[in-house]
Each structure stands twice: as structure tokens, then as C-alpha cells.
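To start, the structure itself, in C-alpha cells.
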Amino acid sequence: AALEARVSSLESVDCPRGYARDAAMPSMTLCTKNLGSDRTDEVVRVGDFWIDRYELSNCLGGDLGPAPGHHISVATNFTKAIGCSAKSVVPVVNVTWFQAAQMCINAGKHLCTNGQWQAAVNGTIDPGASDGAAGACNTMSSGLRNTGDGAACRSRFGAEDMIGNVWEWVADWQQAGSTWATADGAPATPWPDAPDTMYGTDG
């Protein structure tokens, strides 16, 4: 009872600055921000933090920049892309850890930690090998699907496609090991010469 009261108290906290509560989604604490062009940035509450509802996309356009997210010899060459969590867009892929981190920063966010990711994925049903039919988690390499198409691949907090579709960077990559880093069990090497840059991200 005490835990339920604490969770209820946390979930009653106002939305992040610039976001408004979406009362149409009573099953989750959902906050949205209008990005224009009939597109919104959506975040859900997980305990004492917020996480993107959908896999991050470069839905506002902008240059991804070089692999390290910046270039020391050309002041104008850096990651200008702004990451957002919007429905019906293609998640960003083939980004390095640094580019993903900058996309989040440009949006006023940051990469979630591994611990936050593990908390936010709770309750997601993993169907095993699946092509994502009927909105299930897309765990096969049969193609990338748009955000919002994973109605049956949501955590209990409302975060979607955290299992499958694309690999996702988290903030603490330097601690990566065989259990959550790369498909082949090798330690993560974000840059340079990373063999595993087929990653999207959750901000």
C-alpha cells in the first residue's frame, strides 16, 4: 500500500517543462509537446523520471554530423539533428553513441541510463522470434517499422518498441558487457571503427 501510494504520488507530478498532460491516456502518465506540422513529442513517466514513448527519430530534420558528434577542425560541423519521440515516423538508425547523445541534448533531453531503460521496459511482452505482426515486438531482421505501430509491444508505462525493431544506445556504454551491449557479446565500442552502429535510441 505504501509503495502504491508513492507511485501514485510520483505519477501526479506535473509534466516536464514545455509539455502538457494528455488526459486521453488514463492508463499511463503521458505528456506531449507540439512540434508543429501535426506532430508531437511524447514522453511517459516511469517512477521519478520521464522517457520517450517512441524510439527516437530525427523527425525535425537536421544534420547528424560526423561520428563523434563534433569536428575539432571545422566549428560548424557537428550534430545539429534534434531527436524527438513522435508517432508514424522512421526511428533513426546508423548513429554512433555520440550522435545519439547530441540528438538528445539538442532536444533538451539526455540518453537514459541502463538502469532507467531496464525499469522502463518492464511489462513488455517479448514474443520471441516475431516479424511484428499485429503490433507485437519486431524481433526479427525483417525490416524496420515506423513508430506507433507496436501496440502490443508496450511496457506497463507506455514506452513502445523497447524490445526489438532497432538496437538502442544508453548513457553508460563504457560499462557494457556481454549481457546488454552487442548482439555478438562483444564490449560496445561507440567510435571509432565501431562494428555495431546500427542503433536507435531512447532519450
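The values are calculated or read from the model by the stated rules, or taken from the named source; none is laboratory data. Everything numeric in this text was worked out from a predicted model, so none of it was measured. Counting neighbours? That spans all protein chains shown, and the Cβs are built from the backbone with ideal geometry, glycine included. Calculation scope for accessible area: heavy atoms of the full protein, side chains included, ligands and nucleic acids excluded. Shrake-Rupley method; radii C 1.70, N 1.55, O 1.52, S 1.80 Å.
Can you say whether ASN94 is part of a loop (DSSP other than H, G, I, E, B), free of Cβ contacts under 8 Å to residues at least 40 places away in the same chain and not aliphatic (A, V, I, L, M), as far as the supplied structure shows?
Details: part of a loop (DSSP other than H, G, I, E, B): yes; free of Cβ contacts under 8 Å to residues at least 40 places away in the same chain: no; not aliphatic (A, V, I, L, M): yes.
No, not satisfied.
Here SER141 clears all of (1) open to solvent by 40 Å² or more (accessible area, probe 1.4 Å); (2) under 22 Å from SER37 (Cβ atoms); (3) not acidic (Asp, Glu) except the condition numbered (2).
Restricting attention to segment 124-138, report how many residues are open to solvent by less than 50 Å² (accessible area, probe 1.4 Å) and in a loop (DSSP other than H, G, I, E, B). Write out each step before concluding.
Within segment 124-138, the subset open to solvent by less than 50 Å² (accessible area, probe 1.4 Å) is 124, 128, 130, 132, 135-138.
In the following step, the residues that additionally are in a loop (DSSP other than H, G, I, E, B) were identified as 124, 128, 130, 132, 136-137.
Residues flagged as open to solvent by less than 50 Å² (accessible area, probe 1.4 Å) and in a loop (DSSP other than H, G, I, E, B) within segment 124-138 amount to 6.
For residues that are in a loop (DSSP other than H, G, I, E, B) and open to solvent by 60 Å² or more (accessible area, probe 1.4 Å), tally how many sit in segment 147-158.
Just the residues of segment 147-158 that are in a loop (DSSP other than H, G, I, E, B), to begin with: 147-153, 155-158.
Next, only the ones that are open to solvent by 60 Å² or more (accessible area, probe 1.4 Å) stay: 149, 151, 156.
Total meeting the criteria: 3.
Consider segment 113-123 and keep the residues that are of a type in the set (A, V, I, L, M, F, W, C) and over 20 Å from THR40 (Cβ atoms). The one that is least open to solvent (accessible area, probe 1.4 Å) is VAL121.
Look at segment 139-156: where a residue is within 12 Å of TYR54 (Cβ to Cβ) and touching a residue at least 40 places away in the same chain (Cβ under 8 Å) and a partner is among the aromatic types (Phe, Trp, Tyr) and part of a loop (DSSP other than H, G, I, E, B), sitting 6+ places away or on another chain with Cβ atoms under 8 Å, you get THR147/TYR54; GLY148/TYR54. Looking only at segment 88-102, residues that are within 21 Å of GLY150 (Cβ to Cβ) and open to solvent by less than 20 Å² (accessible area, probe 1.4 Å) come to 5 in all. Within the option set GLN102, GLN118, being polar (S, T, N, Q) and over 13 Å from the mean Cα position of the chain (by Cα) holds for one residue only, GLN102. Just so you know, in segment 26-52 the residues that are part of a loop (DSSP other than H, G, I, E, B), of a type in the set (Ser, Thr, Tyr) and open to solvent by 30 Å² or more (accessible area, probe 1.4 Å) include one that is farthest from LEU3 (Cα to Cα), and it is SER37.
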